[in-house]
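The values are calculated or read from the model by the stated rules, or taken from the named source; none is laboratory data. Predicted model only: the values in this text are computed from it and were never measured. Here the Cβ is made from the backbone with ideal geometry for all residues, glycine too, and neighbour counts use every protein chain on show. All accessible areas refer to the heavy atoms of the entire protein, side chains included, with ligands and DNA or RNA removed. Shrake-Rupley method; radii C 1.70, N 1.55, O 1.52, S 1.80 Å.
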Amino acid sequence: MSRFFSDKFASLTPYTPGEQPRDAAYVKLNTNESPFPPSPKAVAAASKEAERLMLYSDPDERALREALAALHGLTPDEFLVTNGSDEALYFAFSAYCDDRHPAVFADITYGFYPVFAALLSLPTRVVPLREDFTVNVDDFCPAGGTVFLANPNAPTGLALSPAEIERILAANPDSVVLVDEAYVDFGAESVLPLIRRRPNLLVVQTFSKSRSMAGARLGFAAGSPELIADLNTIRCSINPYNVNRMTLAAGIGALADEEYTHRNCQTIIKTRTRVLAEMRKMGFWATESVTNFLFVRHPALSGEALYRALRERGILVRHFGTPALNDYNRITVGSDAQMDTLLGAVRSILEEKS
Ligand code: PMP
């Protein structure tokens, strides 16, 4: 830290992203990326758009908002386009939390929520999950602030039903309830169709996972035109060109190829089911994940030990060193070949141990 750094941020602990190694060819199962390339339509659109990089991107992001609206049967003014869904989350923390409206989120959830709250000096109310990592809906009814709900949740992989989320929405009519649906395409149900009925609902999604575009940084928020206008006020006070031309074009290309996205998600779900069964046979406890990752624990191996042993064998998974998650690992569902490598390595680690 330099002596010039504002006191405000002196004790800030930034979000720690999963490793992005440059040195070795790891099997990368640590950041929930897709093992598949983006749609050829997304790649072609981005390459073509590269020729126009001398021009700023459209600050209205109109074409992509129109494509999102057409896909979801809504209007473009119900969408906001962002630089990754992290940016949508940041805008929402900025817009809807203050001393009178604490940020309310689970104790085990996406690690960026407490970071945004700390960055913006916001009060928080942290709601413990149940022992089995499920959300107790009653704890959010009412929530006493602006709700941030990852659904499905990370790193647990578990989802609430739309009916349960509606209960939270109904119990908090004077608070914004943000539902972060980063992993929704792998087996959960989206509440996006509820935005017209629930003026306090903000849904956030990403192109990083099911659309294989983590490196493009593209996300969006959907909600009433009034909520979207609030977020636009924040966006245009920071960076009206928040999404670059190539990414906007790639997003439109991806949305023109929903069949490709759907097929990839089905493949991931099939692989997930297979790997989950194999790992349970090897003695792992695991949640019934509806995401593109598994959340597992082995009774004979600490989370840290499994993480290290896999790393030595060239496989990266995620281990969170917090007390509640110390025994667990989060493992991205990759290609069948990657998962076979993982299963083989886990088998040999367990054999060595016994
Ligand atoms: N929400 C959740 C729950 C996530 O796990 C992630 C991925 N780290 C994000 C949001 C952000 O994803 P991105 O910024 O790539 O859209």
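Could you tell me the calculated FRET efficiency between Leu343 and His262, based on Cβ-Cβ distance and R0 = 30 angstrom, to the nearest 0.05?
0.70
Each label point is 7 Å from the Cα along the Cα-to-Cβ direction; what then is the distance between the points at Arg274 and Glu312, in nm?
Placing both labels 7 Å along Cα→Cβ, they lie 2.9 nm apart.
Hey, can you rank 149-161, 331-343, 223-235 by average C-beta count inside 10 Å, highest first? Can you show the working numbers first?
Numbers: 149-161: 24.0, 331-343: 20.3, 223-235: 18.3.
Per-residue Cβ counts within 10 Å, averaged per peptide and sorted highest first, yield 149-161, 331-343, 223-235.
May I ask which residue of Pro323, Ser190, Leu227 lies farthest towards the positive end of the charge dipole of the chain, with charges of +1 (Lys, Arg) and -1 (Asp, Glu) on Cβ and the Cα centre as origin?
Pro323
Using a Förster distance of 45 angstrom, determine the FRET efficiency expected from the C-beta separation of Met282 and Met54, and round it to 0.05.
Computed FRET efficiency for Met282 and Met54: 0.25.
Hey, what angle do you get for helix 162-171 against the long axis of the chain, alpha-carbon based, 0 to 90 degrees rounded to 10?
50 degrees
Give me the net charge of Arg313's neighbourhood, meaning all other residues with Cβ under 14 Å from the Cβ of Arg313; Lys, Arg count +1, Asp, Glu -1.
For residues surrounding Arg313, the net value is +1.
Apply the a/c threshold of 1.5 to the C-alpha gyration tensor of the range 1-111 and tell me whether it is rounded, prolate or oblate.
Because a/c hits 1.5 or more and a/b fails to exceed b/c, the range 1-111 counts as oblate.
Just to confirm the filter: which GluC sites (Glu not before Pro) across the range 12-73 are DSSP coil and have at most 16 other Cβ within 10 angstrom of their Cβ?
Glu19
Considering the zone a paramagnetic label at Ile238 would reach in this model (a point 7 Å from Cα along the Cα-to-Cβ line), which residues of the range 55-88 have amide N under 11 Å from it?
Zone members listed by number: 82-88.
Using modelled backbone amide H atoms (1.01 Å from N, in-plane), which distant-in-sequence or interchain residues come within less than 5 Å of Asn32's amide H?
Excluding prolines and chain starts, which carry no amide H, the hits are Thr332.
Around Val81, what is the net charge, scoring Lys/Arg as +1 and Asp/Glu as -1 over all other residues with Cβ under 14 Å from its Cβ? The partial results should precede the final answer.
Numbers: positive: Arg62, Arg65, Arg211, Arg217, Arg235, Arg245; negative: Asp58, Asp60, Glu61, Glu66, Asp77, Glu78, Asp86, Glu87.
Residues near Val81 contribute -2 overall.
Working from Cα positions, state the angle (0 to 90°, nearest 10) between the long axis of helix 245-255 and the longest principal axis of the chain.
So the inclination is approximately 70 degrees.
Share of antiparallel DSSP beta bridges in the range 40-256, in percent to the nearest 5? Walk me through the numbers on the way to the answer.
On the way: 9 of 23 bridges.
Restricted to the range 40-256, the bridges split so that about 40 percent are antiparallel.
Quick one: what do you get for the chain if you divide its Cα Rg by 2.2 N^0.38 Å?
1.00
For the pair Glu164 and Glu19, how long in nm is the line joining their label points, each one 7 Å along Cα→Cβ?
3.4 nm
Which of the residue pairs Lys209/Lys270; Lys28/Lys209; Lys270/Lys353 have a Cα-Cα distance greater than 24 Å in the structure shown?
Too far apart for the 24 Å limit: Lys270/Lys353.
Report, in degrees rounded to the nearest 10, the 0 to 90 angle that the Cα long axis of helix 303-312 makes with the longest principal axis of the chain.
With both axes taken from Cα atoms, the answer is about 80 degrees.
Work out how much length Ser354 to Ala324 would gain on full extension: take 0.36 nm times their residue separation and subtract the Cα-Cα distance, in nm to one decimal.
Once the chain is fully extended between Ser354 and Ala324, it gains 8.2 nm.
Which residue fluctuates most in the GNM of the chain (Cα springs below 10 Å): Leu276, Leu255, Leu71?
Leu71
Along the charge dipole of the chain, which of Tyr56, Gly111, Ser212 sits closest to the positive end, that is, farthest toward it, with unit charges on the beta carbon of Lys, Arg, Asp and Glu (+1, +1, -1, -1)?
Going by the Cα projections, it comes out as Ser212.
Can you give the Kirkwood hydrodynamic radius of the range 99-242 from its Cα pairs, in Å with one decimal?
Every distinct Cα pair counted, the radius reaches 15.7 Å.
Return one whole number: the accessible area per residue of the range 83-175 in Å², for a 1.4 Å probe.
38 Å²
What spacing in nm lies between the two simple spin-label points modelled at Ala69 and Ser2, each 7 Å away from Cα in the Cβ direction?
4.4 nm
Quick one: Debye curve from the C-alpha atoms of the range 190-286, no solvent, what's log10 I(q)/I(0) at q = 0.20, 0.21 Å⁻¹?
-1.08, -1.13
Could you look at the chain and say what percent of its accessible area is carbon and sulfur, using a 1.4 Å probe and all protein chains?
That fraction is 53 percent.
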